[in-house]
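Here's the structure we're looking at; comments come further down.
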Amino acid sequence: MSARTRSMPRRSCFSTPGSNERFLQKAPTVPADMSFLDLEDSVAPKEKEAARAKVVEAIRTLPWDDRVLCVRVNAWDTEWTYGDVVEVVGNAGERLDEVMLPKVQRAAEVVALDLLLTQVEKKAGLPVGHIGIEAQIETTLGLINVEEICAASPRLETIIFGPADFAASMEMPVLTGGVQIPEYPGDHFHYVFSKILMAGRANGLQVIDGPYLKVRDLDGLRDFAQRTQVLGYDGKWALTPDQVTVLNEIYSPTQEQFDRAWDILDAYQKATEEERRGAVMFGDEMIDEASRKMAVKFVSRGERAGLTRSAR
C-alpha cells in the first residue's frame with residue numbers, strides 16, 4: 001500500500017475525529033483525495049483509548065474507495081503512541097495506507113515509528129513496509145531539524161505543516177492558527193512554507209499545508225490556500241466537506257494549463273528528436289529542458305487530479 005499511495009493525489013486531506021462515530025460514518029462519502037482518522041488533538045484524553053476500536057471498525061467496514069487512508073496517532077511525548085500503532089495497525093493494517101505522526105521534532109522519532117511499524121507488520125502478517133508515514137512539523141525544533149526528518153525513513157511519503165501548534169511554539173501573538181495576520185506586512189509563514197517544501201522535495205515527498213480554522217470562510221480559505229499552491233504544495237487539510245470542494249479545485253491545474261503543458265512537451269520532443277535542437281520557440285516563449293521539466297510536473301499533477309488532454 002505504501003508503494004501504491006506514494007504518488008496518489010492529496011489535494012484535500014480530510015480530518016475526521018476518531019471518537020465520533022457519526023463523523024466516521026460520513027467520512028467515506030466526502031470526495032477527499034485522502035482521509036485521516038484522528039486519535040490526537042480532536043479526541044479528548046479520556047476518549048483516546050476507546051477511540052482506537054472505533055477507528056479500527058471504521059477502517060475495516062466502511063467503503064473507503066481508492067483514496068489514501070491514514071490514521072493520526074498521538075505524539076511520542078504522550079502515553080498513547082505505541083498503543084495507537086499496535087491496536088490500529090495490528091487490527092486494521094490491511095486497508096490502512098499510512099500512519100501520521102504529529103509534533104515531530106527529531107529524525108529519531110520517525111525512525112522509532114518505522115521500527116515499531118516493522119514489528120507490528122510482522123506480527124500481523126503484513127509485508128514489511130506496507131504502512132507509510134506522514135510527519136507533521138509543528139514546532140520550532142521540528143522546523144530546525146526538518147531536513148533530517150524528511151530523510152529519516154523510506155516509509156515517509158508526506159511532510160505536513162501544522163500552523164496552530166507552530167504559532168504557539170513561536171509564541172506568535174495570535175489566537176487562530178493557519179490564517180493570515182493583517183498586521184504583518186507580508187506572509188508571516190513564507191519562510192516556514194519554503195523551508196518545509198524544499199526539505200520535502202529534496203527527499204521525494206509530497207508536501208501538505210495544515211488546516212484553515214475559519215471553516216465557514218471559504219473565500220479566506222481560497223486566498224490562503226493559493227499561497228502554498230503557488231509555491232508548489234500538493235494540497236492542504238480540510239475540516240469540512242465544503243473545504244474539500246475548494247481545495248480539490250485550488251490544487252489542480254486548470255484544463256488550459258494541462259493542455260498547454262502537453263503542447264510544450266510535444267513541441268520540445270519534436271525540437272530535440274526531429275530537429276536536433278535543444279531550445280525552440282513555442283509561440284512567443286523560448287522553451288528548453290527546464291521548460292520540459294516544468295511541463296512534466298503539470299502533466300503529472302493534472303493526471304493525478306483526473307484530467308485528460310482535450311481532443312484536438
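Of note:
- Answer from Leu247, Leu221 - the residue that is open to solvent by less than 70 Å² (accessible area, probe 1.4 Å) and in contact with a Ser or Thr (Cβ under 6 Å, 6 or more places away or on another chain): Leu247
- Hits in segment 162-198 - residues which are more than 21 Å from Ala75 (Cα to Cα) and either in contact (Cβ under 8 Å) with a residue 60 or more places away in the chain or small (Gly, Ala, Ser) (or both): Gly186, Ser194
- Considering (1) out of contact with any helix residue (DSSP H, G or I) (no Cβ under 6 Å at 6 or more places or on another chain); (2) open to solvent by 20 Å² or more (accessible area, probe 1.4 Å), the lone condition that Trp237 does not fulfil carries the number (2).
- Only one of the numbered conditions (1) modelled with pLDDT under 95; (2) closer than 21 Å to Asp114 by Cβ is violated by Asp66, and that is (2).
- Residue count for segment 47-58, restricted to those that are buried (at least 21 other Cβ atoms within 10 Å of the Cβ) and within 11 Å of Ala92 (Cα to Cα): 4
- Only residues that are without any contact (Cβ under 8 Å) to a residue 24 or more places away in the chain and either closer than 13 Å to Arg309 by Cβ or surrounded by fewer than 16 Cβ atoms within 10 Å (Cβ to Cβ) (or both) were counted in segment 261-279, giving 11.
- Which numbered condition Val55 misses (of (1) in contact with a Gly (Cβ under 8 Å, 6 or more places away or on another chain); (2) part of a loop (DSSP other than H, G, I, E, B); (3) β-branched (Val, Ile, Thr)): (2)
- Any hit, segment 174-197, residues being part of a loop (DSSP other than H, G, I, E, B), surrounded by fewer than 20 Cβ atoms within 10 Å (Cβ to Cβ) and among the basic types (Lys, Arg): no
- Test: residue in segment 174-188 that is at pLDDT below 95 and of a type in the set (Ser, Thr, Tyr): yes
- Test set (1) assigned to a loop (DSSP other than H, G, I, E, B); (2) without any contact (Cβ under 8 Å) to a residue 60 or more places away in the chain; (3) more than 19 Å from Glu87 (Cα to Cα) - Ser7 fails condition number: (2)
- Test: residue in segment 202-218 that is farther than 21 Å from Ser252 by Cβ, open to solvent by less than 50 Å² (accessible area, probe 1.4 Å) and not hydrophobic (A, V, I, L, M, F, W, C): no
- Criterion (at pLDDT below 85 and of a type in the set (A, V, I, L, M)) met by exactly one of Ala290, Ala271, Ala225, Ala238: Ala271
- Options Glu303, Glu289: the member that is open to solvent by 40 Å² or more (accessible area, probe 1.4 Å), within 31 Å of the chain's Cα centre (by Cα) and within 30 Å of Ser15 (Cβ to Cβ): Glu303
- Within segment 10-28, being open to solvent by 20 Å² or more (accessible area, probe 1.4 Å), part of a loop (DSSP other than H, G, I, E, B) and more than 20 Å from Thr78 (Cα to Cα) holds for Arg11, Asn20.
- Listed by first and then second residue, the pairs with beta-carbon distance under 9 Å, at least 6 apart or on different chains, first residue in segment 293-312 and of a type in the set (S, T, N, Q), second open to solvent by less than 100 Å² (accessible area, probe 1.4 Å), are Ser300/Ser7; Thr308/Phe258; Thr308/Gly302; Ser310/Gln255; Ser310/Phe258; Ser310/Asp259; Ser310/Trp262.
- Enumeration of residues in segment 29-41 that are open to solvent by less than 50 Å² (accessible area, probe 1.4 Å) and among the polar types (S, T, N, Q): Ser35
- Residues of segment 77-102 that are in contact (Cβ under 8 Å) with a residue 12 or more places away in the chain, charged (D, E, K, R) and within 24 Å of Ala58 (Cβ to Cβ): Asp84, Glu87, Glu94, Arg95, Asp97, Glu98.
The values are calculated or read from the model by the stated rules, or taken from the named source; none is laboratory data. Owing to the predicted nature of the structure, the values given are computational and were not obtained by experimental measurement. Glycine also receives a Cβ, built like all others from the backbone with ideal geometry; neighbour counts cover every protein chain displayed. Note: accessible area is taken over every heavy atom of the protein model, side chains too, but ligands, DNA and RNA are not part of it. Shrake-Rupley method; radii C 1.70, N 1.55, O 1.52, S 1.80 Å.
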